[in-house]
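The values are calculated or read from the model by the stated rules, or taken from the named source; none is laboratory data. Fair warning: this is a prediction, and the values are worked out from it, not measured in the lab. Every residue, glycine as well, gets a Cβ built from its backbone with ideal geometry; the counts of neighbours run over all protein chains shown. Areas reflect the complete protein model, heavy atoms only, side chains present, ligands, DNA and RNA absent. Shrake-Rupley method; radii C 1.70, N 1.55, O 1.52, S 1.80 Å.
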Amino acid sequence: MGYELAMKLLVLSLVLLVSAVAGGINPSEEIVQQVPAIYVFGDSTMDVGNNNYLPGKNVPRANQPYYGIDMPGSGKPTGRFSNGYNTADFVAKSMGFVSSPPPYLSLAPSSEKLVMTAMATGVSYASSGAGILDSTNAGNNIPLSRQVEYFNATWSKMVTSKGSDAVSALLAKSIFLVGIGGNDLTAFANTGQAPSNDASFYSSLLSNYKATITELHAMGARKFAIINVGLAGCLPVSRVLDPAGACSDRRNQLTGGFNDDLRSLLAGLATRLTGLVYSLADSYGIMVDIFADPQAYGFTDVTSACCGEGRLAAGGCMPTSHLCGDHDRYYFWDGIHPCQRAASLRVQAFYDGPAQYTTRINFKQLAVGQ
């Protein structure tokens, strides 16, 4: 390992030491006062239970053991694809909240409850299996476009109840958390298309992403915390496709290209949309560094899942699955998603960690308006 990488890993491991125990992100009083609400959009890395309210047997749900086994206070499934808290929870905790705001579909039946919650803490619209494109896993999730429609419905009810001035003031200080794209890239990779088709695929993804940010901005969103797509080729479900269990270079390259284009898109939007401020978190980059020296971060296994079936335990986490002994020593909880501790470490880096993991500012600076 080169000197530069070794120093990078040392700095990150020291910074992240405070998060060795899940939930270790301690927001300052300044941030608690600055962020009135958080609104969450994304896929299964963000979903806190919306999919539990969707009909159909093919809807991806984390509503059975061993999901939630380490959830503080219950040890029961909550709809999160994790042994406990997920990425959205830790971002919310870093902003002074107890956890992610509740799922939209749990609030929607009561306009009064929806408005009260949206004004007090925010709402989560994230859905497991969701994509930037409506066609990704169609019919089994809430795609990004519909998540924005649900926010629009929430916004209309907020304005009717509280007035446009109060809502505008609230949203201007609130955090809009977005983490999505992995399902789109996986679906595209599964088709086996040649790299020559990547550019047109990226174009369709970025067109929808741009429309999302633009529409949310038009309704008053100003502060965006955006997480790019992680090291997709090194997920257990990707490794298991290789006889030797190696990472998929093709899937990693596909993801890297999308992340590059997303960075450029956000930089351009910031110059055109008045008042827009963003922090782009590098999920891909931090995974590369952690996987380069897992033991520096307390992991003994970054290739297989803690809970799952079959080779590399990549076959899904179910009540009958094999379960690893020390949940905190595995990076992956199931074949796709990070364990609670891994999610905490990642968010600590995005919140106030080494500068290379966020563009242009970190989540803490975004929250306090710097």
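Residues of the range 265-302 that are more than 20 Å from the chain's Cα centre (by Cα) and of a type in the set (S, T, N, Q): 271, 274, 295, 300. Report, by residue number, each residue of the range 327-361 that is closer than 26 Å to residue 266 by Cα, more than 15 Å from the chain's Cα centre (by Cα) and crowded, with 22+ Cβ neighbours inside 10 Å. The one that is closer than 26 Å to residue 266 by Cα, more than 15 Å from the chain's Cα centre (by Cα) and crowded, with 22+ Cβ neighbours inside 10 Å: 353. For the range 208-226, a tally of residues being open to solvent by 10 Å² or more (accessible area, probe 1.4 Å) and under 16 Å from residue 260 (Cβ atoms) returns 1.
Please go through the range 63-92 and give me each residue that is charged (D, E, K, R) and either open to solvent by 60 Å² or more (accessible area, probe 1.4 Å) or in a helix (DSSP H, G or I) (or both), ordered by number. The answer is 76, 89. Taking (1) at pLDDT below 95; (2) crowded, with 19+ Cβ neighbours inside 10 Å in turn, residue 193 satisfies each apart from (2). Among the residues of the range 202-221, those that are closer than 12 Å to residue 276 by Cβ, aliphatic (A, V, I, L, M) and in a helix (DSSP H, G or I) comprise 213, 216, 218. Of the residues making up the range 224-251, those that are within 21 Å of residue 339 (Cβ to Cβ) and either out of contact with any helix residue (DSSP H, G or I) (no Cβ under 9 Å at 6 or more places or on another chain) or polar (S, T, N, Q) (or both) are 228, 238. In a residue-by-residue description of the range 290-303, the property of being among the small types (Gly, Ala, Ser) and under 30 Å from residue 198 (Cβ atoms) applies to at least one position.
Condition check ((1) free of Cβ contacts under 8 Å to residues at least 24 places away in the same chain; (2) over 30 Å from residue 65 (Cα atoms); (3) in contact with a Lys or Arg (Cβ under 6 Å, 6 or more places away or on another chain)) across all residues:
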{"site": "199", "(1), (2), (3)": "yes, yes, no"}
{"site": "204", "(1), (2), (3)": "no, yes, no"}
{"site": "232", "(1), (2), (3)": "no, no, yes"}
{"site": "243", "(1), (2), (3)": "yes, no, no"}
{"site": "253", "(1), (2), (3)": "no, yes, no"}
{"site": "264", "(1), (2), (3)": "yes, yes, no"}
{"site": "272", "(1), (2), (3)": "yes, yes, no"}
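Taken over the range 278-297, the criterion of being out of contact with any Gly (no Cβ under 8 Å at 6 or more places or on another chain) and open to solvent by 20 Å² or more (accessible area, probe 1.4 Å) is satisfied by 282, 288, 291, 292, 293, 294, 295, 296. If you take the residues of the range 114-165 that are among the aliphatic types (A, V, I, L, M), in a helix (DSSP H, G or I) and touching a strand residue (DSSP E or B) at 6+ places or on another chain (Cβ under 9 Å), which of them is farthest from residue 59 (Cα to Cα)? By that ranking, first place goes to 118. Restricted to the range 117-176, and to residues that are aliphatic (A, V, I, L, M) and surrounded by fewer than 16 Cβ atoms within 10 Å (Cβ to Cβ), which residue is nearest to the chain's Cα centre (by Cα)? Checked the range 117-176; the qualifying residue nearest to the chain's Cα centre (by Cα) is 138. Determine which member of the set 300, 255 is surrounded by fewer than 20 Cβ atoms within 10 Å (Cβ to Cβ) and of a type in the set (Ser, Thr, Tyr). None of the other options fit; the residue is 300.
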